[in-house]
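The structure appears right after this line, and notes come after that.
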Amino acid sequence: MSDASGSGSRMGSISVVTPTLHRAPEVRGLLENLRAQTLQPAELLLIDGAAPPGDETQALVAEAGERMPFRCRYWRRGGGTAIQRNVGIDQARGDYVAFIDDDIRLEPDFFERIMAVYSQDTAGRVGGVAGYIVNQHLDPTRSPRWRWYRRLRLFTTYEPGRFDYRSGYPINRYLQPPHDGVREIDFMGANCAVWRRAVFAGGLRFSEFFTGYGVLEDAHLALRARRHWKLLECGRARCVHLRAADGREDSGQVAWKSAVNYRFVFLDIVPDRSLAQELRFWRVQLFDLARLIAYAMRFPSRDHWRAAAGKARGILAAARMRRAALIRAAPGSAAGG
């Protein structure tokens, strides 16, 4: 079993940070997946949101630590994925911090591909490199939502992985088809990305505004980091998302966050907004509300109506938000940027 002093890479060691909640089978699969990497991480830091006594996850990690070629470390911390990942950042010993979710399965050369990108960054300007989840590609020509976004001209850019600063909306980077290249992006998720540890040296962390099930906390972190660092997507570093059902919030709460969390990001990332920018933001929110209502009417179900109601409540809550109050309530949002 190796320690955190080296992961077999001349570029430096990798600490894998994984938040989890009642997902012992997924954690077991993740351990085996990491063991199959051609470039081994130095350590896995698993942060469990389950309250004691929890489930068998802790025992599983303890047992795996005896046979894995990397160190396994375990913590209990609730509050949501943003807070859990902050624990991992604080405890990581590697030169790079990889955020890998427990239901992500990396191709064997994932870390090798990522570190190859870093090796070409002789100026040390790249702060984060994201992999590509092959089963999350979204063809915009087959998505009614994205066809309407274009038809109504709701955004000023439709380039995948870019942040539309005029509407406060991140353009889904999986609108980009699978590719073999490296491209620059404005933001990335926290489920298959490797960050240079130096990015966090100045205090940058996930904002504690984002509690419970994560919605947009990773994009917020990336957008703040991008003020000083370059972010890239490596199309050859591929993985699959299993989409584990356990540990997720209901559709109403997620829809609520799709208004409130997006508003928080817009207020924090674009503090000086024009009336035109404000109108663009609310146009998107109201369109999404209308879309959810129409869908619930066409396919009636408690879950669909819960999502529509959650979105309506979220829009009302977002309309009452003020940036200064949010920053005071969530000091982690301003760190490092």
Once the dipole of the chain is set up from charges on Cβ (+1 Lys and Arg, -1 Asp and Glu), the residue from the list Ser15, Gln253, Tyr295 lying farthest towards its positive end is Tyr295
On a 0 to 90 degree scale, rounded to 10, what angle separates helix 251-269 from the longest Cα axis of the chain?
90 degrees
Would you kindly derive the ³J(HN,Hα) couplings of segment 60-75 from the backbone phi angles with the Karplus curve 6.51 cos²θ - 1.76 cosθ + 1.60 (θ = phi - 60°), listing them in order in whole Hz, with x for Gly and Pro?
4, 5, 4, 5, 5, x, 7, 10, 7, x, 10, 6, 10, 10, 10, 9
Kindly write out, for segment 225-242 in residue order, the coupling ³J(HN,Hα) from the Karplus curve 6.51 cos²θ - 1.76 cosθ + 1.60 (θ = phi - 60°), rounded to whole Hz, with x marking Gly and Pro.
5, 5, 5, 10, 10, 8, 10, 10, 10, 9, x, 8, 8, 10, 7, 10, 9, 7
For segment 102-251, what class follows from the C-alpha gyration tensor (a ≥ b ≥ c being the square roots of its eigenvalues): rounded when a/c is under 1.5, otherwise prolate if a/b is larger than b/c, else oblate?
rounded
Charged-residue dipole, Cβ positions (Lys, Arg, Asp, Glu), segment 28-75 about Cα centre, Debye nearest 20:
200 debye
Output the Kirkwood hydrodynamic radius of segment 149-208, Cα pairs only, in Å rounded to one decimal.
13.7 Å
Sequence gap at least 6, Cα distance under 8 Å: using those rules, report the relative contact order of the chain to the nearest whole percent.
19 percent
Cα→Cβ-extended label distance, 7 Å offset, between Arg67 and Ala276, nm:
6.2 nm
Helix-derived [θ] at 222 nm for the chain: sum -39500 (n - 2.57) over DSSP H runs of at least 4, divide by residue count, nearest 500?
-12000 deg cm²/dmol
Segment 22-77 and segment 219-285 have their Cα centres apart by a whole-number Å value of 28 Å
Ranked output for segments 21-31, 297-307 by mean other Cβ atoms within 10 Å, highest leading, reads 21-31, 297-307
Label points 7 Å out from Cα along the Cβ direction at Asp90 and Asn172: separation in nm?
3.5 nm
With labels modelled as points extended 7 Å from the Cα through the Cβ direction, what inter-label distance (nm, one decimal) is found for Glu159 paired with Leu242?
3.6 nm
Cα-based Rg of the chain per 2.2 N^0.38 Å, rounded to two decimals?
0.98
In Å and on Cα atoms, what radius of gyration and Dmax does segment 258-316 show?
13.1, 41
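Every number in this text was worked out from the coordinates using simple rules, so none of it is lab data. For clarity, every value in this text was computed on a predicted model and none was experimentally measured. Glycine gets a Cβ as well: all are built from the backbone with ideal geometry, and neighbour counts include every protein chain shown.
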